[in-house]
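To keep things clear, I will list the structure first and then write my remarks on it.
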Amino acid sequence: MTYRHVALVGLGLIASSISHAMRRAGMETRITGTAQSAASRETATRLGLCEVFETPAEAVTGADLVILCVPVGAMESVAKQVAPHLAPGATLTDVGSVKGGVVTAVAPYLPENVDFIPGHPIAGTEHSGPASGFASLFDNRWWLLTPLPDSRPEAVARLTKFVTRLGANVDLMEPDHHDLVLAVTSHIPHLIAYTMVGVADDLRRVTSTEVINYSAAGFRDFTRIAASDPTMWRDVFLSNREATLEILGRFTEELFALQRAIRTGDGDHLHRYFTRTRSIRRGIIEAGQDTPEPDFGRVGIKRDG
Ligand code: NAP
């Protein structure tokens with residue numbers, strides 16, 4: 001059974017893409033929503049994303065599915081605001097990039113007659129705000145759900161069906177396992193991109209415009225990733241501290257090993273390492289999660305999450 005009324009709390013990239021994807025799927029569901037600033041609420045109204053309300057409490061009243069689409073650090077405050085207004089039997093999910101921290105922040109405030117099923121679409125761009133969404137964002141991307149021990153299976157099945165209609169593939173996972181996997185696939189890569197762009201920015205003071213003029217291949221992609229929303233990414237690292245520190249530790253060990261191979265002229269080590277990593281890229285293409293087209297410098301929409 002599809003939902004009658006979906007409420008979007010937060011109206012940025014993910015929420016606006018959900019609204020577009022729902023419309024594309026022909027859902028006749030009522031959509032309500034709210035954002036923090038009057039400017040975002042006005043933009044959402046102008047774009048016709050949903051019926052826009054001033055407060056989370058008003059937006060969720062009567063909804064049978066509530067989706068929290070705010071930065072991870074805002075989940076607790078929003079959960080407190082919406083909890084007393086959730087309809088009995090409603091499902092509450094979120095789209096936050098970290099799951100353990102969101103469960104801790106949200107679960108204590110929820111009434112027992114609401115199913116809380118945390119979620120995370122592995123889809124995004126470096127853009128944010130209500131005007132940045134588009135209907136195909138979730139197409140063939142994974143949407144991970146991390147049900148809690150007391151989440152009712154029928155509520156999980158219903159949410160799975162909804163998300164599938166938005167174009168995504170669903171997988172179920174434990175929240176802590178999600179956070180470790182995402183630390184590897186998304187969080188630390190973002191940190192590396194932020195660091196590399198920071199280093200290049202320092203360098204630019206020495207070499208004038210060379211970094212910009214000759215930026216190609218990897219560096220250009222780093223700048224795209226490093227343009228991601230600062231609030232969202234600050235919250236990701238503060239909320240997924242344990243897993244990101246664990247993976248960062250392993251990363252620096254590998255980096256030191258490569259540094260040593262360069263210093264000692266150990267070409268075999270470098271070649272073996274780069275051969276192994278190349279095969280991982282092939283695996284991603286075979287799994288349909290990217291295309292084999294030459295990518296360096298490509299203009300177009302790129303996604304990560
Ligand atoms: P976004 O475009 O920056 O939108 C965030 C929305 O949350 C905005 O409408 C903002 O309102 C609202 N908001 C912020 N703090 C709030 C508060 N305290 N109360 C009410 N509303 C508040 O962000 P997004 O990219 O859609 O990300 C939303 C969530 O999805 C985050 O948890 C993020 O981790 C997750 N996610 C993001 C991506 C990605 O690539 N972007 C991918 C997967 C998952 P204003 O506009 O008025 O500030």
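The values are calculated or read from the model by the stated rules, or taken from the named source; none is laboratory data. Fair warning: this is a prediction, and the values are worked out from it, not measured in the lab. Please note: Cβ atoms are built from the backbone with ideal geometry, for glycine as well, and neighbour counts cover all protein chains shown. Accessible surface is based on the protein model in full, side chains and every heavy atom, while ligands, DNA and RNA are left aside. Shrake-Rupley method; radii C 1.70, N 1.55, O 1.52, S 1.80 Å.
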All but one of (1) open to solvent by less than 50 Å² (accessible area, probe 1.4 Å); (2) in contact with a Lys or Arg (Cβ under 9 Å, 6 or more places away or on another chain); (3) in contact (Cβ under 8 Å) with a residue 60 or more places away in the chain hold for residue 62, so report the exception by its number. (3)
Can you find even one residue in segment 100-108 that is open to solvent by 40 Å² or more (accessible area, probe 1.4 Å) and without any contact (Cβ under 8 Å) to a residue 40 or more places away in the chain? yes
Given (1) at pLDDT below 95; (2) open to solvent by 20 Å² or more (accessible area, probe 1.4 Å), residue 80 misses just (1)
Could you check segment 238-253 and list, in sequence order, the residues that are within 14 Å of residue 185 (Cα to Cα), under 18 Å from the mean Cα position of the chain (by Cα) and more than 11 Å from the ligand (Cβ to nearest atom)? 243, 244
Of the conditions (1) in contact with a Leu (Cβ under 8 Å, 6 or more places away or on another chain); (2) outside any loop (DSSP other than H, G, I, E, B), residue 154 fails just one. Which one is it? (1)
State whether one or more residues within segment 270-283 are open to solvent by less than 100 Å² (accessible area, probe 1.4 Å), in contact with a helix residue (DSSP H, G or I) (Cβ under 8 Å, 6 or more places away or on another chain), in a loop (DSSP other than H, G, I, E, B) and modelled with pLDDT of 90 or more. no
I'm trying to understand the selection: among the residues of segment 208-245, which are surrounded by 16 or more Cβ atoms within 10 Å (Cβ to Cβ), modelled with pLDDT of 85 or more and not hydroxyl-bearing (Ser, Thr, Tyr)? 222, 225, 226, 229, 232, 233, 235, 236, 237, 240, 243
Output yes when any residue across segment 17-37 is open to solvent by 20 Å² or more (accessible area, probe 1.4 Å), under 18 Å from residue 137 (Cα atoms), assigned by TED's automatic domain parsing to the domain that holds residue 125 and near the ligand (Cβ under 8 Å from one of its atoms), and no when none is. no
If you go through segment 135-149 one residue at a time, do you hit one that is over 18 Å from the mean Cα position of the chain (by Cα) and either in a loop (DSSP other than H, G, I, E, B) or within 15 Å of the ligand (Cβ to nearest atom) (or both)? yes
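Do the conditions hold for residue 91, that is, is it among the hydroxyl-bearing types (Ser, Thr, Tyr), in the same structural domain as residue 161 (by TED's automatic domain parsing) and either away from the ligand (no atom under 11 Å from the Cβ) or open to solvent by 30 Å² or more (accessible area, probe 1.4 Å) (or both)?
On the way: among the hydroxyl-bearing types (Ser, Thr, Tyr): yes; in the same structural domain as residue 161 (by TED's automatic domain parsing): yes; either away from the ligand (no atom under 11 Å from the Cβ) or open to solvent by 30 Å² or more (accessible area, probe 1.4 Å) (or both): yes.
Criteria met by residue 91.
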Single residue of segment 1-43 satisfying the filter (under 21 Å from residue 128 (Cβ atoms) and part of a loop (DSSP other than H, G, I, E, B)) that is nearest to the chain's Cα centre (by Cα): 12
Considering segment 112-168 alone, what residues qualify as being at positive phi and surrounded by fewer than 19 Cβ atoms within 10 Å (Cβ to Cβ)? 129, 140
Residues of segment 83-134 being of a type in the set (Asp, Glu) and in a loop (DSSP other than H, G, I, E, B), in sequence order, are 112, 126
Restricting the search to segment 1-16, which residues are at pLDDT 95 or above and more than 8 Å from the ligand (Cβ to nearest atom)? 3, 4, 5, 6, 7, 8
Residues satisfying the stated conditions in segment 182-196, i.e. open to solvent by less than 50 Å² (accessible area, probe 1.4 Å) and within 13 Å of the chain's Cα centre (by Cα): 182, 183, 186, 187, 190
Taking into account only those residues within segment 44-72 that are assigned to a strand (DSSP E or B) and more than 9 Å from the ligand (Cβ to nearest atom), which is nearest to residue 5 (Cα to Cα)? 65
